[in-house]
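Single-structure report; data block below.
The values are calculated or read from the model by the stated rules, or taken from the named source; none is laboratory data. Computed from a predicted structure; not experimentally measured. Virtual Cβ from ideal backbone geometry, glycine too; neighbours counted across all protein chains shown. Keep in mind that these areas ignore ligands, DNA and RNA; they rest on the heavy atoms of the full protein, side chains included. Shrake-Rupley method; radii C 1.70, N 1.55, O 1.52, S 1.80 Å.
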Amino acid sequence: MLTHTLARTASAARSIGMRATPSSVAPRLFSTTAVPRAEETYTFTFPESHYAYHNCGPIPLESTATKDELVELYRTMAVIRRLETASDQLYKAKLIRGFCHLSTGQEAVATGMSAGISKDDSIITAYRCHGFTLVRGASPTSILAELMGRRDGCSRGKGGSMHMFAHEFYGGNGIVGAQVPIGAGIALAQKYLNKGTMTFALYGDGAANQGQVFEAYNMAKLWNLPVVFVCENNMYGMGTSAHRAAASTKYYTRGDYIPGIRVNGMDVLAVKEASKWAREWTLSGKGPLVMEMVTYRYGGHSMSDPGTTYRTREEIQHMRSTNDPITGLKERILERDILSEEELKKIDKEVRTEIDKAVTDAKASPEPDVGELFTDIYSKGNEPPFLRGCTPDEIHRYA
């Protein structure tokens with residue numbers, strides 16, 4: 001049902017009429033100094049089906065953006081897509097080991113969320129985290145180097161795919177659902193310190209039935225914390241359809257006493273506006289919010305999952321051809337003559353070049369020194385005299 005709903009909402013988004021709203025300041029007559037012309041803005045409207053509400057709302061059914069902002073959204077999603085493609089290739093070449101979860105198809109969530117919030121707001125998510133690491137400031141080289149366990153990785157080669165960090169980005173967490181109460185804790189610190197910022201705590205539909213999620217809901221509402229609990233509903237928890245695992249797949253209503261919203265997570269502009277609205281909700285003192293991002297992953301749950309044993313290839317192809325977030329934004333840009341097809345192809349080519357160089361640079365990065373294993377365990381000045389390694393005779397002594 002959700003797959004069909006997503007298909008209908010995404011299709012409707014592309015068939016609706018859109019209008020431009022020029023925004024400019026005309027120079028005064030006879031003035032010798034012209035007033036600078038403001039950049040033109042474009043307004044896009046959404047169908048009502050893009051959002052659904054539980055004890056809150058509504059969100060304005062339009063989004064305004066400049067040409068530069070639209071280009072940045074397009075480019076960021078293209079970089080994430082290319083980064084994940086490179087990760088897939090490196091994993092198959094056995095240069096990446098262990099777990100590796102890709103977000104191909106879900107690029108609009110990280111991109112739109114980042115565009116709708118402050119750089120000092122916090123994000124914490126599960127293990128499908130490469131795109132979020134990128135939008136919070138990590139370079140493609142540092143992400144790829146981390147995936148390969150190299151010294152120049154954003155976690156200095158010790159975290160791998162599931163444990164990446166950046167500015168106000170708290171991972172990348174490997175335990176299913178465990179990041180949700182941590183996200184509530186980050187929000188508690190923000191409120192206690194009067195920082196004027198908030199937290200997005202993300203988890204998947206597979207983790208939505210975890211008890212600790214509901215415990216976090218309770219504490220967050222009890223203390224009215226500035227946190228948005230975001231369920232990235234990509235329809236499948238590992239190899240199980242959401243409908244086979246959950247009695248209710250209306251994840252945005254799961255907070256009960258916490259208001260909630262459902263968002264078309266395949267539309268980057270809808271995600272941006274919903275994230276902006278949710279941020280304002282929490283910072284206005286109304287307490288937490290539950291947000292469901294309806295999205296879709298094209299690949300398997302992880303690199304060990306082909307992703308085709310529990311769903312048909314036709315379903316995947318249908319989602320790619322009718323709901324792709326990059327294609328959707330591209331069509332909007334072309335329909336409004338904001339950029340030409342050639343200009344968009346140039347951006348795609350630049351992105352390929354950037355990621356190809358990042359792969360080369362990441363491969364050239366050396367592996368970290370063995371001593372690096374004993375760093376970042378204790379805060380400086382609080383280390384014990386010694387720490388045992390993997391075997392009883394492996395002892396590291398702190399100076």
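How much of the accessible area of the chain, in percent, comes from carbon and sulfur atoms when a 1.4 Å probe is used?
Summing carbon and sulfur atoms, their accessible area is 53 percent of the total for the chain.
Tell me the angle of helix 211-222 to the major Cα principal axis of the chain, expressed in degrees between 0 and 90 and rounded to the nearest ten.
Taking the Cα atoms of the chain, the angle to 211-222 is about 60 degrees.
Tell me whether segment 32-113 comes out rounded, prolate or oblate; compute the Cα gyration tensor, take square roots of the eigenvalues as a ≥ b ≥ c, and use a/c under 1.5 as the rounded threshold.
Oblate shape, in that a/c is at least 1.5 and b/c is the bigger or equal ratio.
Mind scanning K191/K250; K357/K380; K195/K272 and naming the pairs with a C-alpha gap bigger than 27 Å?
Cα-Cα > 27 Å for K191/K250; K357/K380; rest within.
Which aspartates and glutamates have a Cα less than 14 Å from the Cα of K349, not counting those fewer than 8 places away in the same chain?
Cα-Cα hits under 14 Å: E341.
With a cut-off of 8 Å between alpha carbons and a minimum separation of six or more residues, what is the relative contact order of segment 41-366 in percent?
This gives 23 percent for segment 41-366.
One-quarter of the Cα convex hull surface for the chain, in nm²?
Across all orientations, the chain yields a mean hull projection of 24.4 nm².
Where only protein heavy atoms count, and the probe is 1.4 Å, what is the accessible area per residue for the chain in Å²?
47 Å²
Subtracting the Cα-Cα distance from 0.36 nm times the residue separation, let me have the gained length for E48 to K94 in nm, one decimal.
Length gained, E48 through K94: 12.0 nm.
Let me know the shape class of segment 321-399, please: from the alpha-carbon gyration tensor, a ≥ b ≥ c as square roots of the eigenvalues, rounded when a/c is under 1.5, otherwise prolate if a/b is greater than b/c, or oblate. Walk me through the numbers before you get to the answer.
On the way: a/c = 4.35, a/b = 3.23, b/c = 1.35.
In terms of gyration-tensor shape, prolate.
What range in the chain is the longest one free of trypsin sites (Lys or Arg not before Pro) that are in a loop by DSSP and have at most 16 other Cβ atoms within 10 angstrom? Don't jump to the answer; show the numbers that get you there.
On the way: sites that count: R28, R37, K94, R97, K119, R151, K158, K195, K250, R311, R336, K380.
The reported range is 251-310.
So for segment 41-366, taking the charge dipole from beta-carbon charges (+1 Lys/Arg, -1 Asp/Glu), which of M266, S161, P288 sits furthest toward the positive end?
S161
Within 10 Å, at most 11 other Cβ atoms, and a DSSP state outside H, G, I, E, B define an exposed site. Report the longest part of the chain free of exposed chymotrypsin sites (Phe, Trp or Tyr not before Pro).
Numbers: sites that count: F30, Y257.
Longest stretch, sites excluded: 31-256.
Give the separation of the Cα centroids, segment 230-257 to segment 180-218, in Å.
Taking the Cα centre of each part, segment 230-257 and segment 180-218 sit 17 Å apart.
In the chain, with Lys and Arg counted as +1 and Asp and Glu as -1 at Cβ, which of these residues, G112, A246, S87, has the Cα nearest the positive end of the dipole, that is, farthest along it?
A246
Efficiency by 1/(1 + (r/R0)^6): what FRET value for D356 and L387, r their Cβ-Cβ distance, R0 = 56 Å, to the nearest 0.05? Could you put the intermediate results ahead of the total?
On the way: r = 40 Å, r/R0 = 0.72.
Efficiency at R0 = 56 Å is approximately 0.90.
Nearest-5 percent of antiparallel DSSP beta bridges in segment 41-366?
Antiparallel: roughly 35 percent of the beta bridges in segment 41-366.
Measure out, as a whole number of angstrom, how far apart the alpha-carbon centroids of segment 327-347 and segment 374-398 sit.
If you average the Cα positions of each part, the centres end up 54 Å apart.
What size of dipole, in debye to the nearest 20, comes out for the chain about its Cα centre when the only charges are +1 on Lys and Arg C-beta atoms and -1 on Asp and Glu C-beta atoms?
The calculated dipole for the chain is roughly 240 debye.
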